[in-house]
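See below for the structure under consideration.
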Amino acid sequence: MIKVLFVCLGNICRSPLGEAIFRHKIKERGLDKFFKIGSRGTANYHVGDNADPRSIAVAKSMGIAMDHCVSQITDRDLDDYDYIAAMDRSNLHNVLRLSKNQKHRARVFLMRDYDPEGKGLEVPDPYYGDARHFKEVYDILDRSTDKFLDHLQQTESMLRQT
Ligand code: 4NP
């Protein structure tokens, strides 16, 4: 099982959308049985809530359903998940603060490290924005997820057998 966790600040806008897009794409590629996927916030502001209605709306407009319950990251997640994709540098820093060893630290990266149009940039926080900002986040996550999945298919032996 390959375990992938998406992390943002509130776990209502970016990381649940990243999780939903990733779920959709692994199903399309016939790879869903190989994955455990989750998303978390570094903050606890919205624990127990659904995703932001604007994330749900943009996903729906692209044919992707979202079913979400907000949760906050803990140090156990760094033991559990193999790939931990942070949406921005602040999230990355906060996840690294929970890490206890080099193995943990090697698991954490910026989602846009896989963006062919903006490698190493941040996924902008759309919370104080409008539908256009949510669509921009969607587009960034959509193309970054394609490249991230290509990378996993090239490097994870479990996926190369398919
Ligand atoms: P997210 O967006 O980190 O993409 O879920 C935010 C959600 C909530 C807040 C900020 C950003 N907030 O300040 O409550």
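The values are calculated or read from the model by the stated rules, or taken from the named source; none is laboratory data. Here the structure is a predicted model, which means the values were calculated and not measured. Methodologically, a virtual Cβ is constructed for each residue, glycine included, from the backbone with ideal geometry; neighbour enumeration extends over all protein chains shown. Remember, those area values only see protein heavy atoms, side chains included, never the ligands or the DNA or RNA. Shrake-Rupley method; radii C 1.70, N 1.55, O 1.52, S 1.80 Å.
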Problem - Ranked packing of 79-87, 31-39, most packed first, by mean Cβ within 10 Å - result: 79-87, 31-39
Handout entry: Net charge of neighbours whose Cβ lies under 12 Å from the Cβ of residue 97, counting Lys and Arg as +1 and Asp and Glu as -1
Key = +1
Completion exercise
Rounded to a whole %, the carbon-and-sulfur portion of the accessible area of the chain at a 1.4 Å probe is 48 percent
Handout entry: Fluctuation leader among 105, 40, 14 - the chain, Gaussian network, Cα springs under 10 angstrom
Key = 105
Practice task
For the stretch 1-36 and the stretch 57-113, write down the distance between their C-alpha centroids in whole Å.
Solution key: 10 Å
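Would you mind putting 113-122, 15-24, 69-78 in packing order, based on average other-beta-carbon counts within 10 Å, highest first?
Working: 113-122: 15.0, 15-24: 25.3, 69-78: 16.6.
Packing order, densest peptide first, comes out as 15-24, 69-78, 113-122.
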Practice task
At a Cα cut-off below 16 Å, give the lysines reachable from residue 147, other chains included and same-chain residues fewer than 8 away excluded.
Solution key: 25, 27, 119
Problem - residue 97 versus residue 127: modelled label distance in nm, points set 7 Å from Cα along the beta carbon direction - result: 1.4 nm
Fill in the blank from the handout: Dividing the mean separation of Cα pairs under 8 Å (6+ apart) by the residue count of the chain yields a relative contact order in percent of 25 percent
Practice task
Mind checking the full-extension length gain between residue 49 and residue 82? Use 0.36 nm per residue of separation minus the Cα-Cα distance, one decimal, nm.
Solution key: 9.3 nm
Problem - Neighbourhood net charge (14 Å Cβ-Cβ; Lys/Arg +1, Asp/Glu -1) for residue 50 - result: -2
Handout entry: Unit Cα scatterers, Debye sum, the chain: log10 I(q)/I(0) for q = 0.10, 0.16 Å⁻¹
Key = -0.32, -0.86
Exercise for the section: Would you be so kind as to identify which of 111, 155, 126 lies farthest towards the positive end of the dipole of the stretch 79-162, taking Lys and Arg as +1 and Asp and Glu as -1 on Cβ and the Cα centre as origin? Expected result: 155
Handout entry: For the chain: accessible area per residue (Å², 1.4 Å)
Key = 50 Å²
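About the Cα centre of the stretch 1-45, what is the dipole size in debye to 20, counting +1 per Lys and Arg Cβ and -1 per Asp and Glu Cβ, all else neutral? If you can, show how the numbers build up before the last one.
Values: 9 positive and 3 negative charges, 27 e Å.
Taking the Cα centre of the stretch 1-45 as origin, the dipole is about 120 debye.
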Problem - Summed residue charge, Cβ within 11 Å of residue 75's Cβ, Lys/Arg positive, Asp/Glu negative - result: 0
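Taking the Cα centre of the stretch 1-122 as origin, work out the dipole magnitude from +1 charges on Lys and Arg Cβ and -1 charges on Asp and Glu Cβ, in debye rounded to 20.
260 debye
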Practice task
Mind checking which of 90, 15, 78 is farthest towards the positive end of the chain's charge dipole, using Cβ charges of +1 (Lys, Arg) and -1 (Asp, Glu) about the Cα centre?
Solution key: 78
